[in-house]
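The values are calculated or read from the model by the stated rules, or taken from the named source; none is laboratory data. Please read these numbers as outputs of a predicted model, since none were measured by experiment. Glycine gets a Cβ as well: all are built from the backbone with ideal geometry, and neighbour counts include every protein chain shown. Please note that ligands, DNA and RNA were not included when accessible areas were found on the heavy atoms of the full protein model with its side chains. Shrake-Rupley method; radii C 1.70, N 1.55, O 1.52, S 1.80 Å.
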Amino acid sequence: MPKVIFLPNEELCPDGAVVEAEEGQTILEAAKAHDIEIEHACEMSCACTTCHVIVREGFDSLEESDELEDDMLDKAWGLEPESRLSCQARLADEDLVVEIPKYTLNHAKENH
């Protein structure tokens, strides 16, 4: 069972987190299952960039992104070579280290 290590994020997981996930789950599904509420304005349909993450370790274990995800990622704030949409990146059998960027391009974010 792979682990996802989320690096500290001021709002979502200030101390970071290590979660166990099912192979085939998306990074976003693994996060949500452990109360790490990564934004996902399009409800995981690959139509926005609010769930953008950077895979710091284990990137090569993920299936390659498809053209739709690549087109969306081009619009993400702080894009890096290891950027993925967490709603699309499915876990393989390798652990991941994931950074959740501090900012997204969601201009309609609601404050709780």
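Quick notes on this structure:
- Relative to the Cα centre, the charge distribution of the chain, modelled as +1 at Lys and Arg Cβ and -1 at Asp and Glu Cβ, gives a dipole magnitude of about 420 debye.
- Computed magnitude of the charge dipole of segment 1-67 (debye, nearest 20; Cβ of K, R +1, Cβ of D, E -1): 180
- The residues of the chain present an accessible area of 59 Å² per residue when probed at 1.4 Å with all protein chains retained.
- Karplus (6.51, -1.76, 1.60) ³J(HN,Hα), θ = phi - 60°, over segment 43-58, in Hz, Gly and Pro reported as x: 6, 6, 9, 6, 10, 8, 10, 5, 9, 4, 9, 10, 8, 6, 9, x
- Whole-percent carbon and sulfur share, accessible surface of the chain, 1.4 Å: 45
- Computed from Cα atoms alone, the Kirkwood hydrodynamic radius reported for the chain is 13.8 Å.
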